[in-house]
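Here the structure comes first, spelled out in structure tokens, and everything after it is commentary.
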Amino acid sequence: MSVLPRPRQWLYGAALLLILLLTSCGAPLPGESWPGISTDGQFVYVAYHNRVMRVNPAPPPGDERSPVRRFDWIGQLADDKIHMYAPPAVSADGIVYVGAYDHKVYAFSLTNGLLTTFNSDAGNDKVIGGALIAGDTLYVGNGDKGVRALDRRTGARRWNFTDTRYGVWSTPILVGDTLYFASLDHFIYALDAVNGTLKWKVDLNGAIAGTPLYEKGILYAGTFGNEMVAVSLERHEIVNRYATQGWVWGTPVMLNDTLYFGDLNGWVYALDASTFKLKWQKNDPERPGAIRGKLALTKLRAKDGGSDKDIVIAGSESKYLHAYDAQTGDLVWTSAISANEQVLSDLIVIGDDVIFTTLSESQLVAAFNTQNGQKSWEVNYTSEMTRVQTATNPPVTLTTITPAPTAAVSTAAPTAAVSPASTATSQQ
Amino acid sequence: MDFLTNPFTTALLFLYQFLGQNIVLTIVVFTVLIRLATYPLTYQQIKSSKAMQELQPKLKKLQEKHKGDREKMAQAQMELYREHGVNPLAGCLPLLIQLPILLGLYGAISRSLAATPLQLLDLHHRILIPGLSHLVPLQNQFLWLNLAAPDPYLVLPILVVATTWLQQKLMTPTPTGSADPKDPSAAMARNMTVMMPLMIGIFSLQFASGLSIYWVVSNLAGILQYAMLGKIDFRTLLPGRSGAPTLVVEEVDDTPKTKALPERSDNGTQQKLRAQQAKKRKPGPSKTKASKAK
């Protein structure tokens, strides 16, 4: 019989329990991010884990009320440990660019099914923000610091600006020949888009994770200092600030000179864009939750011969959507519970659907009707992957990339000229 | 654990602001402050451990006396504890109280080093003082380290293993009364001295570097606390030495000296005890008696 007393055994047991608890309970959060979402106006692009997928939001022919949508194109990385959550950027010639957590940017071909092996090294940390396509140049922020400009056909680095203190989680904005981007180090930067030299920068006194909105010479950016800030590009300075209840992350939207955005304390704001006077602010105390993403603006069709109404829709961590009268802030509808999961992505409107991604694979992409808040359709990622991988004739084009040294993108003739600005609305 | 993690996260941010936004210094200071705050519990634990240690020989005697009779053994054990005013659980309770505190501290450090969008979103919910929000994100670069990611050069995991072993070796007493390497309890203690640091080291390969720094500092602070109590003997680090307190062999004269046993009716007990003691004596030119070194 051991003479080791029971208390000492308990001591060792408690120590082992501590180790177990620390490594399980004390571990970082599960999951990394919500799936990135973007649109080219017709299709929806989603980046999740090692795949980027395209969804056709139109109902299948002959089944207008179908509650299910499918992927009609999937690009995937052979290594399933490499994850992508940045909103995909889609060029007019059918190349999809997505930044990954292995700090590379991957390019997938939509049109000619070619295996695209472009994967330019984009820094030392995760790529979280979306890329900006401008002509033959790709601008992408790095998770550790700065922004790089890459030749989007060869992946060659054109220039590299790393003089930021923290990473860039937003998508850069090109106005003329000046590239603007917001960094977690509290600054908005203006660079020469051709050579990457710094023109000016301004301190907003709070981390900026979202992409600013550009309208008529002003950048509007929300910060983690609980503010919405307006920066004049002409004067290179802050011209307006509004104190919010919580952190502001999502890109604001504007309609009729009114700025709409949400904060992480669950409030939706409408500000006069010129004076920054508050027009209204609303929240849902019964269903509290952060409003992380970009809001959606659309029209509510009038009934009984009245006039259509502008509404602004916000998705919440509470798993609900709320639609407010853009003019008055009156609640128009609250959705059925979205679901199983929080609504953290940006909202996209195509037709009568407001579309977003969730953290649940059974409802990776979901759409609700903008007129009444009822659920329209969803995409079940798990069953879609099973369908695609087990079908003898794969119903989708599956492009797999095995990361390789930088190689040229196919120079097959593009079907359309590339426009100077991004052709896809890239959102986080 | 939010009831601890959230205030700890807020306190960590406050310290971070106060210490010039140096995250490593913040982790070090915060860990030391928590160790100081839990010092009374640590002291209680050490005191209880020492008391238990001193009872070991008597416990062993009781086991031999009541071999096979668990009930009598249990009663005798409780009687012994009562006589000496020792609570066998007194050493465990402080540790159990410290567990949630350590978990809270661990959670605060890991959450403060938010490196992904979901982690940053989570951090927002944990900051109890809105005025601290401007500090986010925390500066997570230190020398070659990204404090939110594991150490790529394994320096910190090695330090974690080394300091955990050091603390274990210096602070965990092994059972006395037996330097016999075949003694299963001593063997278990030796195994734990090796296994625990290795296990923690393996886990630390996946920890964020900031957490490894916390672990190393916590170990060093624990050793320092133990040293300040005068309990430490660095000679135990030498090969062949067991954990504190150390066994020291003293020279005694030839005459076997035994404790004066109380006069009892002759039931053979005295003779049995003398016989046992005689068996334990080492043969040789000088007879020795093992005694504990203070």
Report task. Report the residue count in the range A:143-201 for those that are charged (D, E, K, R), within 23 Å of A:Val90 (Cα to Cα) and surrounded by fewer than 23 Cβ atoms within 10 Å (Cβ to Cβ). Result -> 5
**Report entry** Of the criteria (1) assigned to a strand (DSSP E or B); (2) farther than 22 Å from A:Val248 by Cβ, which one A:Gly155 fails
**Finding:** (1)
Requested in this report: State all residues of the range A:76-101 that are within 18 Å of the chain's Cα centre (by Cα) and of a type in the set (Gly, Ala, Ser); if no residue qualifies, say none.
Outcome: A:Ala86, A:Ala89, A:Ser91, A:Gly99, A:Ala100
**Report entry** Top-ranked residue of the range B:92-106 - restricted to ones that are within 9 Å of another protein chain (Cβ to nearest Cβ) and modelled with pLDDT under 70, ranked as farthest from the chain's Cα centre (by Cα)
**Finding:** B:Cys92
Requested in this report: Could you tell me whether the range B:108-127 includes any residue that is in a helix (DSSP H, G or I), free of Cβ contacts under 8 Å to residues at least 60 places away in the same chain, within 11 Å of another protein chain (Cβ to nearest Cβ) and of a type in the set (Gly, Ala, Ser)?
Outcome: no
Query - Pick from the range B:128-159, criterion in a strand (DSSP E or B) and either touching a helix residue (DSSP H, G or I) at 6+ places or on another chain (Cβ under 8 Å) or of a type in the set (Phe, Trp, Tyr) (or both), ranking: surrounded by the fewest Cβ atoms within 10 Å (Cβ to Cβ) - result: B:Phe142
Report summary line: Filtering the range A:163-221 down to residues that are closer than 27 Å to B:Leu118 by Cα and of a type in the set (Asp, Glu) yields A:Asp163, A:Asp185, A:Asp203
Query raised in the report: Just wondering, is there one or more residues in the range B:77-91 that are over 30 Å from A:Ala86 (Cα atoms), crowded, with 20+ Cβ neighbours inside 10 Å and at the interface with chain A (Cβ under 8 Å from one of its Cβ atoms)?
Result: yes
Query raised in the report: Could you list, in sequence order, the residues of the range A:300-318 that are closer than 21 Å to A:Gly250 by Cα and surrounded by fewer than 17 Cβ atoms within 10 Å (Cβ to Cβ)?
Result: A:Asp310
Query raised in the report: Is it the case that some residue within the range A:97-113 is at positive phi and either assigned to a strand (DSSP E or B) or in contact with a strand residue (DSSP E or B) (Cβ under 6 Å, 6 or more places away or on another chain) (or both)?
Result: yes
Requested in this report: Grab the helices (runs of 4 or more DSSP H) fully contained in the range B:1-87, keeping just those with 1 or more residues being closer than 30 Å to B:Val136 by Cβ and touching a residue at least 60 places away in the same chain (Cβ under 8 Å).
Outcome: B:2-18, B:23-37
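Conditions (1) closer than 19 Å to A:Arg65 by Cα; (2) part of a strand (DSSP E or B), marked per residue:
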residue: A:Ser345; (1), (2): no, no
residue: A:Leu359; (1), (2): no, no
residue: A:Ala366; (1), (2): yes, yes
residue: A:Gln371; (1), (2): yes, no
residue: A:Ser383; (1), (2): no, no
residue: A:Thr386; (1), (2): no, no
**Report entry** Qualifying strands (runs of 3 or more DSSP E) (wholly inside the range A:210-269; at least 2 residues being modelled with pLDDT under 95 and either buried (at least 24 other Cβ atoms within 10 Å of the Cβ) or not hydrophobic (A, V, I, L, M, F, W, C) (or both))
**Finding:** none
Query raised in the report: Of (1) within 23 Å of A:Leu138 (Cα to Cα); (2) part of a strand (DSSP E or B), A:Arg165 satisfies all except one. Which?
Result: (2)
Query raised in the report: In the range A:325-339, what residues are at pLDDT 95 or above and surrounded by 23 or more Cβ atoms within 10 Å (Cβ to Cβ)?
Result: A:Ala326
Report task. Please work out which residue is surrounded by the most Cβ atoms within 10 Å (Cβ to Cβ), limiting yourself to the range A:270-285 and to residues that are in a loop (DSSP other than H, G, I, E, B) and in contact with a strand residue (DSSP E or B) (Cβ under 9 Å, 6 or more places away or on another chain). Result -> A:Ala273
Report summary line: Contact list, first residue from the range A:314-326 and over 13 Å from A:Leu300 (Cβ atoms), second anywhere and in a loop (DSSP other than H, G, I, E, B) and at pLDDT 95 or above, beta-carbon distance below 6 Å, six or more apart or interchain, is A:Ala314/A:Ile291; A:Ala314/A:Leu295; A:Gly315/A:Gly293; A:Gly315/A:Leu347; A:Ser316/A:Ile291; A:Glu317/A:Ala290
Query raised in the report: Within the bounds of the range A:3-10, is there any residue that is at pLDDT below 90 and more than 8 Å from chain B (Cβ to nearest Cβ)?
Result: yes
Report task. Please work out if A:Lys294 is in the same structural domain as A:Gln374 (by TED's automatic domain parsing), surrounded by fewer than 19 Cβ atoms within 10 Å (Cβ to Cβ), touching an Asp or Glu at 6+ places or on another chain (Cβ under 6 Å) and at pLDDT 95 or above. Result -> no
Report summary line: Across (1) over 21 Å from the mean Cα position of the chain (by Cα); (2) among the hydroxyl-bearing types (Ser, Thr, Tyr); (3) modelled with pLDDT of 95 or more, A:Thr400 clears everything bar (3)
Query - Among (1) among the hydrophobic types (A, V, I, L, M, F, W, C); (2) modelled with pLDDT of 90 or more; (3) in contact with a Lys or Arg (Cβ under 8 Å, 6 or more places away or on another chain), the one test that A:Ala47 misses - result: (3)
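The values are calculated or read from the model by the stated rules, or taken from the named source; none is laboratory data. All values reported here derive from a predicted model rather than from experimental measurement. Cβ sites come from the backbone with ideal geometry, for glycine too, and all protein chains shown count toward neighbours.
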